[in-house]
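In what follows, a structure is listed as structure tokens, so that the remarks can point back to it.
The values are calculated or read from the model by the stated rules, or taken from the named source; none is laboratory data. Because the structure is a prediction, the values reported are computed rather than measured. For neighbour counting, all protein chains shown are included, and Cβ atoms are generated from backbone atoms with ideal geometry for every residue, glycine included.
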Amino acid sequence: MGAVLAQLPVRTPAIDWPGLLPVLLPAAGALVLLMLRSLVPSRLMPAVLDAVWTFAVAAAGLVSVVVLWQRDADIQAFGGQLVMDRMALFVAAVVLGSVALVAPTLPRYCRRVGVASAELCVLALLAAAGAVVMAGAADLIVLFLGLETMSIAAYVMAALNLRRLESLEAGLKYFVLGAFSTAFLLFGIALVYGATGTTNLEGIASYLDTFIILRDGMLLAGLAMLLVGLGFKVAAAPFHAWAPDTYVGAPTPVTALMASAVKAAGFAALIRVFVEALGTRADDWRPAVFALACATLAVGSVLAAVQSDAKRILAYSSISHAGFILVGVQAASDEGVAAVLFYLAAYAVIAVGSFTVVAVLSGQRDDRTGLDTLAGLGAGRPALALGLTVLLLAQAGVPFTSGFVAKFSVIAAAVEARSYWLAVVAMVSAVVAAFAYLRVVVAMYFRDSGDEADTPEASKPALGLGAGAVIVAAVLLTVAMGVVPGVLESLSSTAAGL
Amino acid sequence: MSALASTSFPAALTVLVLVPVAGALVLLAMPRTRPDLFKPVALVASTVSAALAVWMLAEFDAGSAAVFQFWQQYEWITGWGVSWQVGVDGLSLFLVVMTALIFPLAIVGVDAEHSPKPYYAWMLVLEAGCLGTFVALDLVMFFVFFEIVLVPMYFLIGGWGHGRRAYAAIKFFLFTMFGSALMLVAIVALAFLHSSGNGGDVTFDLVTIAENQVLATNTARWLFLAFALAFAVKVPLFPVHTWLPDAHTNAPTAGSVILAAVMLKLGTYGLVRFGLYLFPEASVYFAPLMITLGVIGIIYGAIAAAMQRDLKRLVAYSSVAHLGFIVIGTFALNTEGLTGGVLQMVNHGVSTGALFLLVGMIYERRHTREISELGGLQKPAPLLAAVFMVVMLSSVGLPGLNGFVGELLVLLGAFNAHRWWAVVAAAGVILAAVYLLWAYQRVFHGPAVGANAETPDLRWREGLVMAPFIAAIVFMGVYPKPVIERIEPAVDAIIAHVEDNVSGFVEPVADVHPSVSLDDLARSMDEADHNGSGAEHSEDGG
């Protein structure tokens, strides 16, 4: 067979298969799980194995990332279509780490709420594979493939809670608006291809570096379309409209994945396309990202402050965090990229931890998320309340948490790029967002639980070993990254090529 | 400015900050079944810090008070040039000592009303945050501590406060966080502009940046405003003071004590260390504005205090007035004014801290702070009345007690710098006498009716808590020399720094008797205290 291939006039590209393990492992893991579930009777395979398998696959992916990180050269595959450089590996670690953190919470959640755990696990792994492809994409078409793989899995995951109407609504909204944004993205790709003659990111960069396009209307239109398409994916205002309802309606562990892994992949794509490929046209897109960042910060924090539902507060706060990350993108520098990567890693941990606490408290139908349901948590479940408090304070950017260091790094990048006003807007919006987090804390500690007699099981929900371990891990990581940020800081700087 | 490391105990300041944190962690790990142990553990941790602070006071070299002593530096976030750098000089020494001493007193003096474990843990975290702010010599480290103190205080007000506690806690948090939000941007901008002006690596080292002024005048002014806003909210200066009365009134007693005695000083200390020292030109430029705001605060705080029906709210507004004195002393930009300002930071901490403790004791006995419902407490509680009177008179600024020395120096300095503002501010002294004496009269004099007649007097424990306050009030009023001796060299260095870096700026000193030095002043005050009629005499001396 090999001899036959060698005689053909086709040169097959050399593929560094081990270098692709961060993509292959979750993809293969998903397919294996899918086949096992279809073939093996469920009495032989308890539901808990889905989550165990997911965790194992994600952990194996993380190990492969750590091993590949040690290599000096960037890993290229498929004729330079996919590049597993340090940045791709960093984002892959964030994505796979999020999946690994969410997996232990799934068995108990799925049993309680009645969500099919096998489907959820398969789709989560597929979404992770797509997200890693996005992070490693060296070509707009590959980027699109990764984005679609991830998004379609995410649409279905959002609608998986079949007993809850809001979940179906979440899936539909996410799908319709997501498909709409994909059209923008594709159109943008086409226009950029028309302007530069290539879809390869490096090719676009070197073309724009070498030639001056005199009539650049097509390029600029393509650039705007790309920004709209990717802006949808990261839920940047004014393209955020799908996010709150989808976050609230989706099963809570899925929301955690959307806020961590999906967001990380979206920002990785944004960096790949804008900072790396279109870096020479930064003067054109930086004002647009400036405006997007301001709008996202304002919308996210102000609307978070007026919500009365914990999950919805976290949804809007996720939008405001996207605004902060955009501040780093807007810097259009290596420092900015490093700050974005730091922020993504820190926020992924915080988001998974916070949504896990919400998931634990959300009751049989995954809809008990109002602020009033948190009343008395500080007295009834002091450890859980303390955990959520630490995570919320981290989101507010309080020192000695990763949230502070993350905010500090994006602010530093913005200031270094002379975007002083953007830094000021970001910090002021952080104060507004802090109000939202403080309201949650007030609900937990400073308000007595009025209806304790009515809902004894809800005020004392079973935490479970998996969720408990995840919350503890998230809190410890958040504090550790805040007290000794040097480790993550040097990793993210290396990933950004500093 | 060079720095001295301690030879006998190099990590003294780091340990000072970390001991309360360790205490808080021990509390967190303790089982809930032994509630009787929480307070002793908290007390031990804060007492160790206090002992260390007193040791440092003894070891402090008064001759080189302008230099950072007990200096120590570790790398923290190497990639960003952020370090853990600590040290104290004459400006911060007494603030550190006062903070370390007041916390154990507040812990002994006031019991947690409920849930003692988190209460004492938050108190210890608060102590670490306050101490860290005073000893930090790295801008980011300073910001980190400046900001972290909000969290424990938020929980203390919200969890153990009274009335609209959740509202007051959130208001406190957001006001102060808003102020410091812009300061973070300014800190980062300062470091980057400094490094690009110098061509060196980015550093957040306070001394390096301050001693090497490279900013354009206009830039420095903007950055100063961002810093000043953060400090103005914390001080609080008019018109950003509105969080203070709510926070004080609704906070638990120990929270009010710490808020007034220590946390307000974070703002005034910041104005000196990170205002004058970092931005000398901008400080000179904005001095008239700051003095105006200070004077408005003095008059406004005094009038508002006089109108209050709630005793605690009255003391809270009196803080607004007193802090106004510190600000005008600071921005008088001469040795007298700034020394008086720094001294007054300590004095206000002692006096107002003690006043809040006493108000807390009255509330505990009578379950009300409405002045109209109190009256005649002197008869059933003579000792309480006596202690209250001494503290109240120290707050008024009676000669022979600590408040007088500071206020005199402040007014002296302000008079030399901005004569007419000093005259207006001096009226504030009289107003302070009006509202405090009037309040004292209504609460303690007159017939004791109803429940007032059965008010118990000071208990032993309360007496022991108040004794150090009274001792400090009298000592610093009678013999301020050792304190001033340690503050003055640091103040002189700051003033010299301003003179060196601002062309055309000369320290505003008295034209009539330029030869009168602070030593003479201190000496004349000593004499004045001995022959008992010193007030007018020493004022003439200035």
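Quick check on my filter: what residues within region B:284-315 are in a helix (DSSP H, G or I) and polar (S, T, N, Q)?
Initially, region B:284-315 is screened for residues in a helix (DSSP H, G or I), giving B:284-307, B:311-315.
Correct list: B:292 only.
Does residue B:52 meet the test of being part of a helix (DSSP H, G or I) and crowded, with 17+ Cβ neighbours inside 10 Å?
Details: part of a helix (DSSP H, G or I): yes; crowded, with 17+ Cβ neighbours inside 10 Å: yes.
Spelling it out, residue B:52 is indeed part of a helix (DSSP H, G or I) and crowded, with 17+ Cβ neighbours inside 10 Å.
Taking residue A:185 and the conditions (1) touching a residue at least 60 places away in the same chain (Cβ under 8 Å); (2) out of contact with any Lys or Arg (no Cβ under 7 Å at 6 or more places or on another chain), which numbered condition does it fall short on, given that it satisfies the others?
With (1) touching a residue at least 60 places away in the same chain (Cβ under 8 Å); (2) out of contact with any Lys or Arg (no Cβ under 7 Å at 6 or more places or on another chain) applied to residue A:185, the lone miss is (1).
Take residue B:89 and decide whether it is in contact with a strand residue (DSSP E or B) (Cβ under 6 Å, 6 or more places away or on another chain), among the charged types (D, E, K, R) and more than 14 Å from chain A (Cβ to nearest Cβ).
Details: in contact with a strand residue (DSSP E or B) (Cβ under 6 Å, 6 or more places away or on another chain): yes; among the charged types (D, E, K, R): yes; more than 14 Å from chain A (Cβ to nearest Cβ): yes.
Here the answer is yes, as residue B:89 does meet what is asked.
Only one residue in A:118, A:47 is in contact (Cβ under 8 Å) with a residue 12 or more places away in the chain, surrounded by fewer than 20 Cβ atoms within 10 Å (Cβ to Cβ) and either in contact with a Phe, Trp or Tyr (Cβ under 6 Å, 6 or more places away or on another chain) or more than 23 Å from residue A:492 (Cα to Cα) (or both), so which one is that?
Answer to the selection: A:47.
Given the criteria over 30 Å from residue A:214 (Cα atoms) and either among the hydroxyl-bearing types (Ser, Thr, Tyr) or crowded, with 24+ Cβ neighbours inside 10 Å (or both), does residue A:295 qualify?
It is false that residue A:295 is over 30 Å from residue A:214 (Cα atoms) and either among the hydroxyl-bearing types (Ser, Thr, Tyr) or crowded, with 24+ Cβ neighbours inside 10 Å (or both).
Going by the conditions given, is residue B:95 in a helix (DSSP H, G or I), more than 9 Å from chain A (Cβ to nearest Cβ) and over 30 Å from residue A:446 (Cα atoms)?
Answer is yes for this residue.
Only residues that are more than 25 Å from residue B:130 (Cα to Cα), surrounded by fewer than 24 Cβ atoms within 10 Å (Cβ to Cβ) and within 7 Å of chain B (Cβ to nearest Cβ): list them for region A:408-442, please.
Result: A:416, A:420, A:424.
So, in region B:40-83, how many residues would count as being within 14 Å of chain A (Cβ to nearest Cβ) and either in contact with a helix residue (DSSP H, G or I) (Cβ under 6 Å, 6 or more places away or on another chain) or not hydrophobic (A, V, I, L, M, F, W, C) (or both)?
8
Which condition does residue B:479 not pass, out of (1) touching a residue at least 60 places away in the same chain (Cβ under 8 Å); (2) within 20 Å of residue B:340 (Cα to Cα); (3) out of contact with any Ser or Thr (no Cβ under 6 Å at 6 or more places or on another chain), if it passes all the others?
Among (1) touching a residue at least 60 places away in the same chain (Cβ under 8 Å); (2) within 20 Å of residue B:340 (Cα to Cα); (3) out of contact with any Ser or Thr (no Cβ under 6 Å at 6 or more places or on another chain), residue B:479 violates only (1).
Applying the selection to region A:368-407, what residues are under 18 Å from residue A:300 (Cβ atoms), within 12 Å of chain B (Cβ to nearest Cβ) and in contact with a Ser or Thr (Cβ under 8 Å, 6 or more places away or on another chain)?
A:392, A:393, A:394, A:403, listed by residue number.
Please verify whether residue A:256 is closer than 20 Å to residue A:345 by Cα and either surrounded by fewer than 22 Cβ atoms within 10 Å (Cβ to Cβ) or not acidic (Asp, Glu) (or both), treating the condition exactly as stated.
The answer is yes for residue A:256.
Taking region B:136-146 as the search range and keeping residues that are more than 7 Å from chain A (Cβ to nearest Cβ), assigned to a helix (DSSP H, G or I) and under 19 Å from the mean Cα position of the chain (by Cα), which one is surrounded by the most Cβ atoms within 10 Å (Cβ to Cβ)?
B:146
Of the conditions (1) over 30 Å from residue A:317 (Cα atoms); (2) surrounded by fewer than 17 Cβ atoms within 10 Å (Cβ to Cβ); (3) touching a Gly at 6+ places or on another chain (Cβ under 9 Å); (4) small (Gly, Ala, Ser), residue A:183 clears all except one; give me its number.
(1)
So, residue B:507, is that one acidic (Asp, Glu), surrounded by 18 or more Cβ atoms within 10 Å (Cβ to Cβ), under 30 Å from residue B:215 (Cα atoms) and at pLDDT below 90 or not?
Values: acidic (Asp, Glu): yes; surrounded by 18 or more Cβ atoms within 10 Å (Cβ to Cβ): yes; under 30 Å from residue B:215 (Cα atoms): yes; at pLDDT below 90: yes.
It is true that residue B:507 is acidic (Asp, Glu), surrounded by 18 or more Cβ atoms within 10 Å (Cβ to Cβ), under 30 Å from residue B:215 (Cα atoms) and at pLDDT below 90.
Does at least one position in region A:332-345 carry a residue that is in contact (Cβ under 8 Å) with a residue 24 or more places away in the chain, outside any helix (DSSP H, G or I) and buried (at least 24 other Cβ atoms within 10 Å of the Cβ)? Spell out how you get there, then give the answer.
Going residue by residue through region A:332-345, those that are in contact (Cβ under 8 Å) with a residue 24 or more places away in the chain are A:332-345.
Okay, now just the ones that are also outside any helix (DSSP H, G or I), so A:332-333.
Cutting the leftovers down to buried (at least 24 other Cβ atoms within 10 Å of the Cβ) gives us none.
No, region A:332-345 contains no residue that is in contact (Cβ under 8 Å) with a residue 24 or more places away in the chain, outside any helix (DSSP H, G or I) and buried (at least 24 other Cβ atoms within 10 Å of the Cβ).
Restrict the check to region A:77-84 and report whether at least one residue is crowded, with 21+ Cβ neighbours inside 10 Å and closer than 19 Å to residue A:59 by Cα.
Looking through region A:77-84, at least one residue is crowded, with 21+ Cβ neighbours inside 10 Å and closer than 19 Å to residue A:59 by Cα.
Listed here are the residues, each with its yes/no results for (1) over 15 Å from residue B:126 (Cα atoms); (2) more than 22 Å from the chain's Cα centre (by Cα).
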| residue | (1), (2) |
| --- | --- |
| B:10 | yes, yes |
| B:23 | no, yes |
| B:29 | yes, yes |
| B:32 | yes, yes |
| B:48 | yes, no |
| B:51 | yes, no |
| B:63 | yes, yes |
| B:68 | yes, no |
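What number goes with the only condition from (1) closer than 21 Å to residue A:399 by Cβ; (2) outside any strand (DSSP E or B); (3) at pLDDT below 90; (4) not aromatic (Phe, Trp, Tyr) that residue B:75 does not pass?
Of everything listed in (1) closer than 21 Å to residue A:399 by Cβ; (2) outside any strand (DSSP E or B); (3) at pLDDT below 90; (4) not aromatic (Phe, Trp, Tyr), residue B:75 misses just condition (2).
Considering only helices (runs of 4 or more DSSP H) fully contained in region A:179-272, which possess at least 2 residues that are under 30 Å from residue A:108 (Cα atoms)?
Because the criterion is at least 2 residues that are under 30 Å from residue A:108 (Cα atoms), the helices (runs of 4 or more DSSP H) in region A:179-272 that meet it are A:242-249, A:252-257, A:263-270.
Give region B:2-47 a look and list any residue that's in a helix (DSSP H, G or I), of a type in the set (S, T, N, Q) and over 16 Å from residue B:101 (Cα atoms), or say none.
Within region B:2-47, just B:14 meets the criteria.
Among the numbered conditions (1) buried (at least 20 other Cβ atoms within 10 Å of the Cβ); (2) in contact with a helix residue (DSSP H, G or I) (Cβ under 7 Å, 6 or more places away or on another chain), tell me where residue B:108 comes up short.
Among (1) buried (at least 20 other Cβ atoms within 10 Å of the Cβ); (2) in contact with a helix residue (DSSP H, G or I) (Cβ under 7 Å, 6 or more places away or on another chain), the lone unmet condition for residue B:108 is (1).
Hand me the list of helices (runs of 4 or more DSSP H) wholly inside region B:147-257 holding 1 or more residues that are in contact with a Gly (Cβ under 9 Å, 6 or more places away or on another chain) and within 14 Å of chain A (Cβ to nearest Cβ). Don't jump to the end; show me each part of the working.
Details: elements: B:150-160, B:165-198, B:206-211, B:217-234, B:243-250.
Per the criteria, B:150-160, B:165-198, B:217-234, B:243-250.
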